[in-house]
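The values are calculated or read from the model by the stated rules, or taken from the named source; none is laboratory data. Not measured: the values here are computed from a predicted model. Counting neighbours? That spans all protein chains shown, and the Cβs are built from the backbone with ideal geometry, glycine included. The area values use the complete protein model at the heavy-atom level, side chains included, leaving out ligands, DNA and RNA. Shrake-Rupley method; radii C 1.70, N 1.55, O 1.52, S 1.80 Å.
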Amino acid sequence: QVQLVESGGGLVQAGGSLRLSCAASGSIFSINAMGWFRQAPGKQRELVAVDTSGGSTNYADSVKGRFTISRDNAKNTVYLQMNSLKPEDTAVYSCYLDDFGVDYWGQGTQVTVSS
């Protein structure tokens, strides 16, 4: 089976930075896209950023200019560089992998931004 393991979450002060990593392992034929979602208390899960096999990236309006998604295909790892963090960014961040018909999710990593 495919497993996704996130790392890099933690507590950071407003204005600081964090870099999340998500490493995929197992039987993966092909990756269509990898990305990040987040869910904060009282809010719906939202797409933060996605990196497709075609090389395009998409970001939520709330993180544009502050977050950057990248992928290392050789390592089946996706990263999320988060700069200028705000308390509103506090959420559980989950990694997502789409392999053209089957999707997989990580268990999530907590990001807490203090004011």
Show the residue pairs that are 6+ apart or on different chains and have beta-carbon atoms under 7 Å apart, the first residue being within the range 12-23 and more than 19 Å from Trp36 (Cα to Cα), the second being among the small types (Gly, Ala, Ser). Gln13/Ser114; Ala14/Ser114; Ala14/Ser115; Gly15/Ser84
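Give the range 61-76 a look and list any residue that's more than 19 Å from Val111 (Cα to Cα) and not hydrophobic (A, V, I, L, M, F, W, C), or say none. Spell out the reasoning first.
Looking only at the range 61-76, we keep the residues that are more than 19 Å from Val111 (Cα to Cα), and these are 71-76.
Those that are more than 19 Å from Val111 (Cα to Cα) and not hydrophobic (A, V, I, L, M, F, W, C): Arg71, Asp72, Asn73, Lys75, Asn76.
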Which members of the range 1-32 meet the condition of being farther than 12 Å from Trp105 by Cα and under 12 Å from the mean Cα position of the chain (by Cα)? Ser7, Gly8, Gly9, Leu18, Arg19, Leu20, Ser21
Within the range 24-65, residues without any contact (Cβ under 8 Å) to a residue 40 or more places away in the chain, open to solvent by less than 50 Å² (accessible area, probe 1.4 Å), outside any strand (DSSP E or B) and out of contact with any Phe, Trp or Tyr (no Cβ under 9 Å at 6 or more places or on another chain) come out as Val63
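Looking only at residues that are of a type outside the set (Ser, Thr, Tyr), farther than 15 Å from Ser7 by Cβ and in contact (Cβ under 8 Å) with a residue 60 or more places away in the chain in the range 70-101, which one is most open to solvent (accessible area, probe 1.4 Å)? Let's see the steps before the verdict.
Going residue by residue through the range 70-101, those that are of a type outside the set (Ser, Thr, Tyr) are 71-76, 78, 80-83, 85-89, 91-92, 95, 97-101.
Those left that are additionally farther than 15 Å from Ser7 by Cβ: 71, 73-74, 83, 85-89, 91, 97-101.
Checking which are in contact (Cβ under 8 Å) with a residue 60 or more places away in the chain leaves us with 83, 85-87, 97-100.
Numbers: Asn83: 58, Leu85: 4, Lys86: 87, Pro87: 54, Leu97: 0, Asp98: 29, Asp99: 30, Phe100: 127 Å².
Top of the filtered list is Phe100.
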Can you pull out every residue in the range 59-85 that is farther than 10 Å from Ala23 by Cα and polar (S, T, N, Q)? Ser62, Thr68, Ser70, Asn73, Gln81, Asn83, Ser84
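I want to confirm something. Restricting to the range 105-115 and keeping residues that are more than 13 Å from the chain's Cα centre (by Cα) and in a strand (DSSP E or B), which single residue is surrounded by the fewest Cβ atoms within 10 Å (Cβ to Cβ)?
Kept after step one, since they are more than 13 Å from the chain's Cα centre (by Cα), are these residues of the range 105-115: 112-115.
Then keep just the ones that are in a strand (DSSP E or B); that gives 112-114.
Details: Thr112: 15, Val113: 19, Ser114: 11.
Out of the qualifying residues, it is Ser114.
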Can you say whether Val5 is aliphatic (A, V, I, L, M), open to solvent by 50 Å² or more (accessible area, probe 1.4 Å) and in contact (Cβ under 8 Å) with a residue 40 or more places away in the chain, as far as the supplied structure shows? yes
Being at pLDDT 95 or above and either within 18 Å of Asp99 (Cα to Cα) or of a type in the set (A, V, I, L, M, F, W, C) (or both) narrows it down to one of Val63, Val2, so name that one. Val63
